[in-house]
Amino acid sequence: MSNRDITKEAIAIFVDDFIDRELQYPEFEAVMDGFVPMPDFAGTTVNAVYLLINQDLKITGCVFFKVGFNTKGMIADKWNVPLQQLVNNAAKGPDLGANPIALACYSQCPIAMQQQSLWDPTMEPGRNSFVLLKKAVASNRLGLVFPEPESPSNSELNSGQIEFNERLEREYATAMRTRLAHTLKEQRLRINTLKSKMSLKIDALKREHQIRLADYQVQMRSLQEVNAQLQADIEAHKKELELKDSKVQGVREYYEHKLSAAQLNGGAQIEALESGFTQELDAQVAQVKEELQQQLDMKDMELFYRQQQEESLREELNTLRDEHESLLEHGSSKILVPLSKAGISFVVFQPGLGQITLPPDQVAEYMSAPAEFAADKCGVTVETYKLWLDHNHSPYCNAKNADGEECGAGVKRVANPTDFHNGETNRCDIHKSIGGNLNIGRG
């Protein structure tokens, strides 16, 4: 390797789209090894760039990566981004003065599982990440030092001059094509960056729509249940009131009959009977009110005890859940972490996500609730994810007719959980228009 081939490694940290700090790579290694903290970034995740710089202070490679810091200003333990491997396998990027650079970013990631650890450079005028990096490297605030180039002999100078002239003639012939190709690559990168940002915005909108739709469905079902319970209570009170009315009517008829029979015995007796009828009727009414009040008090007491039992069961459930999570966490630290350090990966397949690699600290979360884990990664609710699983396994119309039988007509399978809408994508064309008047099928 000649002196011309020597490159230096450096790290640039961005804050609000501008370079906040520059580090030589050995300084960054000291931070990674836990010898030097960075308290200014404690508890945050920042955007950084790994740089390869030649002796002409030109950039030859970039990796736009994210790095998280704990509350002590040290790099998080689970952070592991192979910067050298990424830059060695990166595709070409824009020309920053030393031919097209090797570029790895979110929209151009050579290792798929590392995509979430990368970010896209800003291409806006005044905040263009490449322009800022080029100026920072050219100023050499890092104080990079390269070996002095070897002095060539006269024969080497003549040979080098001839080679230079020949190369100059070849490069001059292709200069315009090269410049045009570089411009096209920069534009493609800009387009890919914009596509990635728009894709993230669309995914966020889809998730928000799914969450709102699920909330509305839950509220509607809750209101329907409350309405059904109120209707049942009203019917029960109506029957009870009719029974009490029939009793009161019987008592009224009895005393009216006695009053009619006693009218022949004189006005004094009639007044006595009327007074007795009124008193006894008031006593009956008071007794009925007291019975109803006692029943109401008993219901309140039962409700109180039930709430106490539910609270006790909920506390016991939380305790058991904490113990279960503690067991899973300790098991992960004792078994899974040594396996991961030995080079063993934990790969699972989950519908809607495909094949994914789990870090050791997420294995327990996945084993305890695979459906909830997959739903969270897909950006949908657990209920929506389970309904999508049913639809993905057997795509057919599950609308029910008046006889309670499912339609069963085939529908188009929706491959992405975020594009699944219950009551729409699992309905045939006939039942989509009348879905509001039908009962929901399975799920």
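The values are calculated or read from the model by the stated rules, or taken from the named source; none is laboratory data. Source: prediction; values computed, not measured. Note that each Cβ is placed from the backbone with ideal geometry, even for glycine, and that neighbours are counted across all protein chains shown. Accessible surface areas use protein heavy atoms only, side chains included; no ligands, DNA or RNA. Shrake-Rupley method; radii C 1.70, N 1.55, O 1.52, S 1.80 Å.
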Practice item. Would you kindly find the accessible area of THR319, with a 1.4 Å probe and non-protein molecules such as ligands, DNA and RNA excluded, rounding to the nearest 10 Å²? Key: 70
Check your understanding: Any idea which of ASN47, VAL81, THR71 is furthest toward the positive side of the dipole for segment 42-119, if Lys and Arg beta-carbons carry +1 and Asp and Glu beta-carbons -1?
Key -> THR71
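Out of every Cα pair in segment 1-147, what percent are spaced more than 26 Å from each other? Walk me through the intermediate numbers first.
Numbers: 2235 of 10731 pairs.
Across segment 1-147, Cα pairs with separations above 26 Å total 21 percent.
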Review point. Quick one: if the Förster radius is 60 Å, what FRET efficiency do HIS237 and LEU353 give, using the C-beta to C-beta distance and rounding to 0.05?
Key: 0.70
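Which longest run of the chain has no exposed loop site in it, a site being GluC sites (Glu not before Pro) in a DSSP loop with at most 13 other beta carbons within 10 Å, and the site itself not part of the run? Intermediate values should be presented prior to the final figure.
Working: sites that count: GLU150, GLU405, GLU424.
The longest such stretch corresponds to 151-404.
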Point to revise | Dipole axis of the chain (+1 Lys, Arg; -1 Asp, Glu on Cβ), positive-most option in GLN295, ASN398, ILE11 | key: ILE11
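In debye, nearest 20, what is the charge dipole magnitude of segment 295-435 about its Cα centre with +1 on Lys and Arg Cβ and -1 on Asp and Glu Cβ, if you could check?
On the way: 13 positive and 23 negative charges, 165 e Å.
Charge dipole, segment 295-435, about its Cα centre: 800 debye, nearest 20.
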Review point. So, in nm, how far is label ALA415 from label ALA42 when the simple model puts each one 7 Å beyond its Cα toward the Cβ?
Key: 4.8
Revision key, fill the gap. When the charge dipole of the chain is computed with +1 on Lys and Arg Cβ and -1 on Asp and Glu Cβ about the Cα centre, the Cα farthest towards its positive end, among PHE373, TYR254, PRO125, belongs to PRO125
Check your understanding: lysines near LYS258 by alpha-carbon distance under 26 Å, same-chain residues fewer than 8 away left out - which ones?
Key -> LYS244, LYS247, LYS289
**Study point:** Heavy atoms of MET38 accessible to a 1.4 Å probe, total area in Å² rounded to 10
**Key:** 10
**Study point:** Whole-percent carbon and sulfur share, accessible surface of the chain, 1.4 Å
**Key:** 53
Practice item. State the three equivalent ellipsoid semi-axes of the chain, derived from the C-alpha gyration tensor as the square roots of 5 times its eigenvalues, in descending order and whole Å. Key: 80, 27, 20
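Let me have the 222 nm mean residue ellipticity of the chain computed from DSSP H runs of 4+ only, each contributing -39500 (n - 2.57), with the sum over all residues rounded to the nearest 500.
Values: 10 runs with 238 residues, N = 443.
Only helices count here, giving -19000 deg cm²/dmol.
Quick one: if the Förster radius is 22 Å, what FRET efficiency do VAL131 and GLN24 give, using the C-beta to C-beta distance and rounding to 0.05? Before the final figure, lay out each step's value.
Numbers: r = 22 Å, r/R0 = 0.99.
In this case the efficiency is close to 0.50.
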Check your understanding: Quick one: if you stick a label point 7 Å off each Cα along the C-beta vector at ASP215 and ALA138, how many nm between them?
Key -> 5.1
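Applying 1/(1 + (r/R0)^6) with R0 = 41 Å to the Cβ-Cβ distance of ALA369 and ALA342, what FRET efficiency is obtained, to the nearest 0.05? Walk me through the intermediate numbers first.
On the way: r = 27 Å, r/R0 = 0.66.
It comes out at approximately 0.90.
What accessible area per residue, rounded to a whole number of Å², is obtained for the chain using a probe radius of 1.4 Å? Don't jump to the answer; show the numbers that get you there.
Details: 29210 Å² over 443 residues.
Per-residue value: 66 Å².
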Revision key, fill the gap. Any chymotrypsin sites (Phe, Trp or Tyr not before Pro) in segment 20-83 that lie in a DSSP loop and have at most 13 other Cβ atoms within 10 Å would be PHE35
Exercise for review: Principal axes first, then extents: for the Cα atoms of segment 372-431, list largest minus smallest coordinate on each axis, whole Å, largest first.
Suggested key: 38, 20, 16
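With charges only on Cβ, +1 for K and R and -1 for D and E, what is the dipole size of segment 33-134 about its Cα centre, in debye, rounded to 20?
Numbers: 7 positive and 7 negative charges, 12 e Å.
Charge dipole of segment 33-134: 60 debye, to the nearest 20.
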Review point. Distances over 23 Å make up what percent of all Cα-Cα pairs in segment 268-394?
Key: 65
Revision key, fill the gap. Of all trypsin sites (Lys or Arg not before Pro) in segment 333-417, the ones in DSSP coil with at most 15 other Cβ atoms within 10 Å are LYS412, ARG413
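Calculate the dipole size of the chain relative to its Cα centre from +1 charges on Lys and Arg beta carbons and -1 charges on Asp and Glu beta carbons; express the result in debye to the nearest 20.
Numbers: 47 positive and 63 negative charges, 488 e Å.
Here the size comes out at about 2340 debye.
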Check your understanding: For segment 1-70, max minus min Cα coordinate along each principal axis, in Å, sorted largest first?
Key -> 43, 27, 15
